[in-house]
Amino acid sequence: MFVASSAAPAMRTTAAVTRATRANARDGALTWLGRAPTRRARVVVRAAGPAARKELLEIESREAFDALVGEDRVTVVDFMALWCRKCVFLKGKLEKKASFFGDDVRFAFVDVNKVSQELVRGCGVESMPTLQVYRNGEKLWELVAGEDGEAVVKKLHYAIEDAQKEK
């Protein structure tokens, strides 16, 4: 016994629209397939990948830290731990900000569980995540990031701009 279903034609129409979307996405318009092919709609085509990110440098020793912050360029150091949720979230935001500033500003992170505690205490880090901005070995700015990521990144952006002006 054969039972007619109204779902089959709808599924064909949906599949046809999906094929048409893929085929016509390049020109930004979609011709609706079905009974009345007169209506046209815009198709929004988004970038395939995530926003550009730049990998942060990992500081693993006191010597590497001193060499990095002693440079003439502005250096942002993120003191973090991989088990800290806020730290990992903020690290992703900093990778995006690093790609924004390019090679003018150096971004690095210190995993406080991997380095000596002398380095961590010597920098005055008591809680995480802590952001510090350096230039020529001098600490110019510090923030213990207890608020939301966007506000922290905004404050950091202004601190970097101020540090770049102090040449």
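For segment 57-165, compute the orientation-averaged projected area of the C-alpha convex hull (one quarter of its surface), in nm².
Computed as one quarter of the Cα hull surface, the answer is 5.9 nm².
Quick check on the exposure proxy: order T75, T130 from fewest to most C-beta atoms within 10 angstrom.
T130, T75
If the limit is 21 Å between Cα atoms, which of K54/K139; K97/K155; K86/K165 go over it? Don't skip to the answer; put the middle values down first.
Working: K54/K139 23 Å; K97/K155 12 Å; K86/K165 30 Å.
Too far apart for the 21 Å limit: K54/K139; K86/K165.
Only the coordinates and a few stated rules stand behind these numbers; no lab work does. Just so we're clear, the structure is a prediction, and the values are computed from it rather than from any experiment. Backbone-built Cβ (ideal geometry, glycine too); neighbour counts: all protein chains shown.
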